[in-house]
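So the structure is just underneath, and the comments pick up after that.
The values are calculated or read from the model by the stated rules, or taken from the named source; none is laboratory data. Keep in mind the model is a prediction, meaning the values are calculated, not measured. The protein model used for the area step is the full one, side chains on, heavy atoms only, and it has no ligands, DNA or RNA in it. Shrake-Rupley method; radii C 1.70, N 1.55, O 1.52, S 1.80 Å.
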Amino acid sequence: MHVSRIDLEKLVVGHGSDLADIQAHLQECQDCQNEMAASLETEGTSDARVKILDPITSLGPSGPAHVLSASSTGLHVKVYRLVFVGAMVQVRSSIGNVFGRVRYCFPVGSGFQIGVKIRKAA
C-alpha cells in the first residue's frame, strides 16, 4: 500500500478509519515521503512562521516555514525542525493566522513536512 493524495488529506483532517495505517506507512516509506513532498512543493509556497504551542516548548520563538497548500480544514507546511505529531501549533502567513494540531511530520531534504488540522483561523 502506498499513500495517495486523498490518503494525505484524510490524515490532515483526521477523517477515515485507516488513519493509523496511513501514518505508519508514511513514516516508513521513503518513496511515499518523496512523492508527497514533490507533489506539495509544486503547488507553490507561501512564506510563514510556525510557533509550537506545546507547553514544553512554548517559550521558544517561532521558526520559518512555507505553506505548501491550504484548505479550509488543513495545511501542508514545510518547517525546519521536527514537530511532534499531536503538538498544537500557530501558523502565521499571508493567508492568515491559524491554530491547529499536527497530524503528521516526516523528513524532507533539510527540513520536515507537517500536516496541520485547523482548529481555529483568525
>> Can you find, within region 53-72, the residue that is most open to solvent (accessible area, probe 1.4 Å) among those that are of a type in the set (Val, Ile, Thr) and at pLDDT below 90?
In response: 56
>> I need the full set of residues from region 1-34 which are at pLDDT 75 or above, open to solvent by 50 Å² or more (accessible area, probe 1.4 Å) and over 21 Å from residue 87 (Cα atoms), in order please.
In response: 2, 30, 31, 34
> Where in region 64-122 are the strands (runs of 3 or more DSSP E), entirely inside, with at least 3 residues that are more than 21 Å from residue 36 (Cα to Cα)?
Replying inline: 88-93, 96-108, 111-121
